[in-house]
1. Going by how many other Cβ atoms sit within 10 Å of their own, how do Arg170, Arg185, Arg76 line up, fewest first?
2. Stretched out fully, how many nm does the piece from Ser133 to Ser77 gain, at 0.36 nm a residue minus the Cα gap?
3. Given Lys105/Lys219; Lys74/Lys182; Lys109/Lys182; Lys105/Lys182; Lys59/Lys199, which pairs have Cα atoms separated by over 27 Å?
4. How many nm is it between the label spots at His85 and Thr113, if each spot is 7 Å from the Cα in line with the beta carbon?
5. May I ask you to compute the full-extension gain from Asp55 to Lys219, defined as 0.36 nm times their residue separation minus their alpha-carbon distance, rounded to one decimal in nm?
6. Out of segment 107-214, which GluC sites (Glu not before Pro) are coil in DSSP terms and have no more than 14 other C-beta atoms within 10 Å?
7. For Glu188 and Val159 in one chain, what is 0.36 nm times their gap in residues minus the Cα-Cα distance, to one decimal in nm?
8. In what order do His134, His212, His141, His116 fall by count of nearby beta-carbon atoms within 10 Å, going from fewest to most?
Amino acid sequence: PPAAGGSLLADDSLAALQVSADVQAPKFVWHSRGAGKASRAAATEELELAPGSFDCGTKPEFCVAPFNCHLPAKERSTVAGANGHPDYRSWCGSPYQEAAMQCAKGDLKGYATLMHKAQRDSPLASMSDTMDSHYCFHMGHCSNATNVTLSTTLAEAEVMCDDRFGKRWRTASRAELGMGVKNIRPSETGPYFDEAAEKGFAELACAMGNYHCDVMYCKE
């Protein structure tokens, strides 16, 4: 008989699900769409905010650097900024803004705590837990192979990303990072993303400025 993950992925209902990249690796959030198997990367385009649509009155801390969510998005294909450095503005349309804020402040443990809570509160918490766990172990984050500590800075994380992945993350688009429904694999314990996609998620984290924070999320 097919594995639990296999039966889910084989079901026609998957056509009504798409993995939404409203966050980066390893947060895998699913949204009911009812509109075919669009890729996780394509879903990200829905996160772009219309100029002036961000409410600075309720979240003023997101209307200053490094987020600047109140400013019009600059047209570009890369996830990282035009200067090749991580771009926190990529978080402006994400439900994980508060966690990202802690990461930007250098509070890696605070990021991990908020992200774990958000994942537990997700409608598909068990599925995201399986996918996160596979990602964390496969990328070596649980064993801290990256040498991330609570005091690791963004600049240090950039060097770690370059050492591990080269510089592709500085210029790649989401589509080039190759993360989509076609990369999902079934297993007895639940679905997970294949090796290429998990590497893509790690590079996405590099580009969005939370690679080191995700390592701490995995360790916690």
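1. Arg76, Arg185, Arg170
2. The span from Ser133 to Ser77 would gain 17.2 nm if fully extended.
3. Lys74/Lys182; Lys109/Lys182; Lys105/Lys182; Lys59/Lys199
4. According to this spin-label approximation, the distance is 2.8 nm.
5. That works out to 55.7 nm of additional length.
6. Glu188
7. Length difference between fully extended and current span is 6.8 nm.
8. Sorted ascending by nearby Cβ count, the order is His116, His134, His141, His212.
Throughout, read-outs are computed from the coordinates displayed, never taken from laboratory work. As the structure is a computational prediction, the values presented were derived from the model and not from experiment. Cβ: placed from backbone, ideal geometry, glycine included. Neighbour counts: every protein chain shown.
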